[in-house]
Structure formats: structure tokens, C-alpha cells
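Working notes for the structure below.
The values are calculated or read from the model by the stated rules, or taken from the named source; none is laboratory data. What you see is a predicted model; the values in this text were computed from it and never measured. Cβ: placed from backbone, ideal geometry, glycine included. Neighbour counts: every protein chain shown.
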């Protein structure tokens, strides 16, 4: 009796959490989070390993390494991507989004292996890219393959994929909250408690495992050299204006990145050669920077790698107080911005592997720092340092490039640990996102998908439609006719079966086309000619067919492009045999019921 009562209580609690029979996701999320943290720590260690070679190299060889390191890394990246997994090319997040929206959240395990190797050869040798794109793709592959191994349904597989992605962000940036919102705001676009619970657990376990095995987990060390003053209302116009500037800067960066990518796609050269050319130009940029700014022998160009050390300098008040002149400091910050943007476009546009999050952080720090220098020179604010504006600029540019202000605010707050700056962070991030969306409807992630014909819409409706497939909808029976049948038979079948649309099949039972209700109504204008017409004269062969495993958002898109009431559903295992009809009304009924359950 007591046992039955406990079981009932457990089931009630499980249902309140929105997990239903999928309570195992909570336990699995902890496993995925812990495993992804271990992979992330090894990945980060390997990323920094090639840089030890540079620091231990005699000074007479360092100029050669500045030029040759990116070329070597690009060559290795090209080989890895070409022969192991083409999905490892670029910044990774669009591929994860495509897997969620078009491949039932399935990511091949070799993609994770290829992404680890290609990101190490790109970023570790000076390529201008970040680690968040690779770690999101790696964590997503871990979660996706866990779902495939357990033969989970697409909805649970997507949740496990999100657990891996959130765990990766939580481990690499020591930012579990930002990792959670990155997945919910950018990848899954689903804030339901059913999805939220496992992802939170995965992020928490990942952060805990990372903190247990890593002594120094701070991304930027700011506590000793940066004191953030309180936010004053008189500074609101400054941060609004800076938000607008950061939004424009983000748009320029996005357009430049895709322009470079388009130019490289147009080049008729071998895919392995493309990243090598990008690495060569990057090496020339490195040499130019060393020559122009008289960089010390022991330093890499500031736009090489993920740029964390440069960001840390830009967030230090000492960096601005020791400058010789305001004009020289402003010019130096703009130069770093231009070099970093060019380096990132060359690295990723030519086929390198890495993320755009870290470059966006550095670009934002440059824009914010330069804006802060102007504010200080013009005496627009009495208490704020340019370092404060650099910190806010990081969030503003990230928000504008990703169209995800929540994620941008939280990740900058978590990796810096400064709460005093949260109000201007929020204001500038939202303003920059608005500016970016007014100019470009897509983010740096979704623009690539739109070019592939994949639309990423609003969160609530498309999230539900993507969870459901045609097999979840009760199909209508298909009333079949042959091309040689008389049109009079259509009228008889319509009265007998109350059918409105008819499926045309050949002698072997294979799908040929459809006669829709609209076509039949048009023919009835000349009713006396009906006995003289054949079905083949009314048949439409231009209508798309539907597969049982297609998600409902793709089916709804087909209905939108073809003004019909129903579409034929073909069997998976047979060649062209019709399983039934999916109607627009039944699709919408299923959608409304799914929304009610949410």
C-alpha cells in the first residue's frame, strides 16, 4: 500500500515537472553534462598546446612562425574537414541548428571528432576564431548520439542535444546560466519546463565537474584591476548611442564574413587549398601588424587565436591610463577592430573551423573601448572609464550578431563577475539587437540557414511544429483513380466517399498526381463535357509529396506554397505507393492540441 502511494506521488511530481514518462532525461542530463565537461577540458588543453611551441621558439624564428603557423594550421584543417566531415567547416552553430530543424537532431559522432581536430589546428595555430562554436557542436554531437544510442524520439533527442551544448558552454566559459540560455534562446527556442529542467541539470553538472578538476577557471581576470562604479542615469544617452554603434559594427562584421565566404565559394580551387590561402593572407596581416606597431618579440599579433588576453587588457583601466595620447589610443583600438574583423573573415570564410562568439566579444571590447575614449575626451561622463564601455560593448556586439540579448548579457556578466554593470549591459545589448534586426532580419547563425532554404521562425509555434511529424497526424484515406478513368467517376466517388481530393495512380499503384477539389469544380462549369474528359486531363503532377517522418513545419510550408487542402503521403519502404492524405485541417488540429498540452 505504501509503495503504491509513493509511486503515485512520484508520477504526480514527474508530471508537474512536464517530464511524463521521460523522467530518465534528468539522470541522462547529468551524465551528458559530466561527460561533455571532460571532453571540453581536454579540448581546451589541446587548443593551447601549439602556442607553447611559439613561446619556446628562439626570437629569430618567431617572425617565420607568425607567418607560417596559420598556413600550417589551415592546411591541416583543410585535410581534416575535406576527408573526415565537411560539417566541421565554419563556426558550427548553423550546422547544429540545421540538425535540429531538418535532421531530427541527429549529428554524426565523427563530426565531433573532426570538429575537435580542426578547431585545434585552426585556433591553436593563430586562426582568428573562438571555441564556443566548436564546443557547442561537440557537445551537441555527444547529446545527439546519446539519444540515437537509446533510440529516443526526436523531441527527446533534441533535448539531449541541448544538454550537450549547454554543458559545453558552461565548461569552457564557466558560465552555466549563459550556457542554458544559449541553448534555449538560440538553438532549441523552447523555454518549456520539460526542456528547461534537463538542460539546467546538464549545465550545473558540467560546471561542477570543471571546477572540481580545474584550478583556474576564470576566463578574464578583472577583480584586481577593474572597479566598476555605480550606473548613473545621466549615462543612459551614452549607452544608447553606443548600442547603436555596436549594432552597426555587428552588421558590418556579419556582412564582411559572408562576403568573404561567398568569394571563397566562387573560387574554383581545391577545398584543401582554400583555407591555406586564407592562412597565408592572415600570416601577412600578422607580419604587417608586427611591423606597423613594433610588437615585441614575445607577443603574437593581438588578432591571432581567440583573443582572450587582448580582451583582458581592454577591460583593464591601466590600459587606458598609460596611453600616451587619446588620439593614438582611439586609432589603436580601431586598428585592432579592423585587423580582428579581417582575420576572422579570412579564417572562417576560407574554410577554417572555429566560433564567432569570441571574435564578437573582442570586436565589442574594441568598439566599446574606443567609444569610452571619446566619452572621456569629450567629458560626457564623469565617473565611467573606457574599460566600463569596453565591457558593455562586448555584450552589445554579441547580442547584435547573434540576435540573442539574454545570452549576451548573461555570458558577459558571468565571465566577468561584475553585477554593477548589469543595467548598461541590458540597455546596450537590447538597443544593438534592435538596430541589427532592423538592418538584417537574420543573425550570424540563421543567415547561413536561410541561404540553404531553411527558415528559423518564432519560438513557440515552430518549436511545437518541429517536434511533430506526419506520422503523428491521423491521415485521411486516399481515394484513388487511374489516368484513363472518366471524369464522371470522380463525381461518383465524391458522392460515395465524400471525397474532395483524389489521388491518381498508375497500373502498378504508384503515385502519378492529384485531382484537387478546385480542379474538379472548375471542370463542372461545363458539366455536359464531364463524361468526355479523362482524369489525366485534370491531373496535377506539380504538387509535392510528403514522407511520414517529415516534421509538420515543412509540411505547413508546402501547404503555404501550394493552395490545396491535402497532400499525398507516400510509404517509406515502397516506391511511390500512397499511404494516405494529410489535410491542412488535420495538421492544424494536431498543432492546436499540442499547443494546449504545452
(request) Sort out for me the helices (runs of 4 or more DSSP H) sitting completely within region 375-452 that have 3 or more residues that are in contact with a strand residue (DSSP E or B) (Cβ under 6 Å, 6 or more places away or on another chain). (result) none
(request) Only residues that are assigned to a helix (DSSP H, G or I) and within 15 Å of residue 125 (Cα to Cα): list them for region 309-356, please. (result) 343, 344, 346, 347, 348
(request) Could you tell me whether residue 348 is touching a strand residue (DSSP E or B) at 6+ places or on another chain (Cβ under 7 Å) and touching a residue at least 24 places away in the same chain (Cβ under 8 Å)? (result) yes
(request) Pull up region 193-218, narrow it to residues that are within 16 Å of residue 179 (Cα to Cα) and modelled with pLDDT under 75, then point me to the one that is surrounded by the fewest Cβ atoms within 10 Å (Cβ to Cβ). (result) 218
(request) Run down 437, 452, 466 and say which single residue is under 19 Å from the mean Cα position of the chain (by Cα) and without any contact (Cβ under 8 Å) to a residue 40 or more places away in the chain. (result) 437
(message) Every residue in region 190-199 that is touching a helix residue (DSSP H, G or I) at 6+ places or on another chain (Cβ under 6 Å) and more than 18 Å from residue 132 (Cβ to Cβ), please.
(response) 190, 191, 195, 198
(request) Of all residues in region 135-179, count the ones that are free of Cβ contacts under 8 Å to residues at least 40 places away in the same chain, out of contact with any helix residue (DSSP H, G or I) (no Cβ under 6 Å at 6 or more places or on another chain) and at negative phi. (result) 3
(request) Out of 520, 475, 490, report the one residue that is crowded, with 17+ Cβ neighbours inside 10 Å and modelled with pLDDT of 85 or more. (result) 475
(message) Out of everything in region 70-99 that is assigned to a helix (DSSP H, G or I) and modelled with pLDDT under 85, what residue ends up being farthest from residue 166 (Cα to Cα)?
(response) 86
